[in-house]
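Worksheet: the structure to be examined is printed underneath.
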Amino acid sequence: MLNTSYLTFTDEVKEALAANKPIVALETTIISHGMPYPQNIEMARKVEQIIRDNGAVPATIGIMDGKIKIGLNEQELEAFATNGQVEKVSRRDFGYILSSGKIGATTVAATMIGAALAGIEVFATGGIGGVHREGEVSMDVSADLTELAQTNVAVVCAGVKSILDIGRTLEYLETHGVPVVGYQTSEFPSFYARESGYGVDFRLDDAADVAAMLRTKWELGIAGGAIIANPVPAESAMNHLEIEGVIQQALTEAKEQNVTGKKVTPFLLARIKQLTEGRSLETNIALVYHNAETAAKVAVALKK
Ligand code: PSU
Ligand code: MN
């Protein structure tokens, strides 16, 4: 049986769980390692408000003081946004970070684990990790993908950034039985851009249809999550070809500077922001808000 003594909840989340209200999980790696201060804390606060405005309760997940916190108060949120010592936590890191009392920001994989332990079925983020370019050589494949293969949480995201190998990421997800749903799109989005040149497995246009698909899968006992791919709104989207040049440059620099392992994604995000003079960050924030809204609608539909 699951040991819930490692979990703590905010009152808001505790009440929502007890009343079987819709809840949307949120990650902390995007706050600690994905965006600079103060945009990260502004985003973290507003994304929670968007979820409330759409009828669900937000649960930002992170690790502190030997506990997996399901929901963070203002002071805790600030710590994730400003403390330079925050570790990046994926599946492998739980035992160490909890037992050592360190502060750990949860990635998509780790947030899915926390959400599932708490009984939360829907999670909103920006983009997920995937198979890195040249991943067939480096074997750099995000643990987000193996988590999606086994943990029952739907992840609403704006697709996969083309800092990754989108084609191989989709192949990997297919092999592991992870459905890739296009929410109001037939094309898999590429984070900053609405297009990628790749399709989705199924297009669904209503949150109710997404909820029905998820409920059916899980009632069948088919374990694992799903990707609900939600393109960035057109007015905030970047040009696919323009961002590609920037990504190429950031990737070359990462290679030259021997950036490897879990440092790769934060390095690339920060470099892309500099190279686009902050425009990539604006797009990133806009797509997170849109994902929060969609995730709240799916969470509400799952409770009907
Ligand atoms: N993609 C983004 N922003 C992010 C991340 C991914 O656009 O902040 C973070 C997420 O937390 C994701 C993690 O789970 O990076 C993937 O890291 P890695 O590639 O090391 O698995
Ligand atoms: Mn990696």
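Assorted remarks:
- Taking (1) more than 22 Å from the chain's Cα centre (by Cα); (2) on the phi > 0 side of the Ramachandran plot; (3) away from ligand 2 (no atom under 16 Å from the Cβ) in turn, Asn258 satisfies each apart from (3).
- Filter result for Arg168 (within 15 Å of ligand 1 (Cβ to nearest atom), over 17 Å from the mean Cα position of the chain (by Cα) and either at pLDDT below 95 or not basic (Lys, Arg) (or both)): no
- Filtered by the rule that a residue be more than 16 Å from ligand 1 (Cβ to nearest atom) and not acidic (Asp, Glu), the stretch 30-58 gives Pro38, Arg45, Lys46, Gln49, Ile50, Ile51, Arg52, Asn54, Gly55, Ala56, Val57, Pro58.
- Any hit, the stretch 69-77, residues being more than 19 Å from His290 (Cβ to Cβ), within 12 Å of ligand 1 (Cβ to nearest atom), buried (at least 22 other Cβ atoms within 10 Å of the Cβ) and in contact (Cβ under 8 Å) with a residue 40 or more places away in the chain: no
- Among (1) within 16 Å of ligand 1 (Cβ to nearest atom); (2) free of Cβ contacts under 8 Å to residues at least 40 places away in the same chain; (3) closer than 21 Å to Thr294 by Cα - the single one Glu27 does not satisfy: (2)
- Pairs with Cβ under 8 Å, 6+ apart, first in the stretch 175-192 and in a loop (DSSP other than H, G, I, E, B), second among the aromatic types (Phe, Trp, Tyr) and more than 16 Å from ligand 1 (Cβ to nearest atom): Pro179/Phe202; Phe188/Tyr198
- Filter result for Thr146 (of a type in the set (Ser, Thr, Tyr), more than 25 Å from Ile285 (Cβ to Cβ), more than 11 Å from ligand 1 (Cβ to nearest atom) and at pLDDT 95 or above): no
- Test: residue in the stretch 111-123 that is under 30 Å from Val200 (Cα atoms), of a type in the set (A, V, I, L, M), part of a helix (DSSP H, G or I) and away from ligand 1 (no atom under 16 Å from the Cβ): yes
- Total residues in the stretch 234-283 satisfying the condition of being crowded, with 17+ Cβ neighbours inside 10 Å, in contact (Cβ under 8 Å) with a residue 60 or more places away in the chain and closer than 16 Å to His132 by Cβ: the figure is 9.
The values are calculated or read from the model by the stated rules, or taken from the named source; none is laboratory data. Just so it is clear, the model here is predicted, and its values are computed rather than measured. All Cβ positions, even for glycine, are placed from backbone atoms using ideal geometry, and neighbour counts span all protein chains on display.
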